[in-house]
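This report refers to the structure that appears directly beneath it.
The values are calculated or read from the model by the stated rules, or taken from the named source; none is laboratory data. Predicted, not measured: the structure shown is a model, and the values here were computed from it. Note: ideal-geometry Cβ built from the backbone for every residue, glycine included; neighbour counts use all protein chains shown. For accessibility, only protein heavy atoms count, side chains too; no ligands or nucleic acids. Shrake-Rupley method; radii C 1.70, N 1.55, O 1.52, S 1.80 Å.
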Amino acid sequence: VLAVPVLFKQALENTEIEEGKSVSLRCELTKADATVVWKKGEATLQASAKYEMKQKGTVAELVIHNAEPEDV
């Protein structure tokens, strides 16, 4: 049985935000409920008061609360 790879239907786009505001980053995948891991450089982000991860069907979303310049 061959596993079908999960691909991006819609990749992340560059987003400008104001410091201290929240920003939502979304991507759409070819397979519903695929495992998504959000990273900043080599570090894997964990859900916290700052980082909120959501996933519904094929859409994965990362919300960064109180964004700072080092979040990019």
Next on the checklist: Residue by residue through the stretch 28-41, what is 3J(HN,Hα) from phi via Karplus (6.51 cos²θ - 1.76 cosθ + 1.60, θ = phi - 60°)? Round to whole Hz and write x for glycine and proline.
Outcome noted: 10, 10, 7, 10, 5, 6, 5, 6, 10, 10, 8, 10, 10, x
Item to check | Heavy-atom surface of the chain, accessible at 1.4 Å and reported per residue (Å²) | outcome: 79
Next on the checklist: Please compute the modelled spin-label separation between residue 72 and residue 9, points set 7 Å along Cα→Cβ, answer in nm with one decimal.
Outcome noted: 3.0
Checklist outcome for this item: The extension gain from residue 39 to residue 26, computed as 0.36 nm times the residue separation minus the Cα-Cα distance, is 3.3 nm
Checklist entry - Out of the DSSP beta bridges found with both residues in the stretch 1-71, what percent are antiparallel (nearest 5)? => result 100
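If we sort 60-67, 42-49, 4-11 on the protection proxy, mean other Cβ atoms within 10 Å, highest first, what's the order?
Packing proxy ranking, top to bottom: 60-67, 4-11, 42-49.
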Next on the checklist: Can you compute 3J(HN,Hα) from phi for each residue in the stretch 5-14, using the Karplus curve 6.51 cos²θ - 1.76 cosθ + 1.60 with θ = phi - 60°, rounded to whole Hz and x for Gly and Pro?
Outcome noted: x, 8, 10, 7, 7, 9, 7, 5, 10, 4
Checklist entry - Given 36, 20, 62, which one lies farthest toward the positive end of the charge dipole of the chain, if we put +1 on the Cβ of every Lys and Arg and -1 on the Cβ of every Asp and Glu? => result 36
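Share of the chain's accessible area from carbon and sulfur, percent, 1.4 Å?
Solvent-exposed carbon and sulfur of the chain make up 53 percent of the total.
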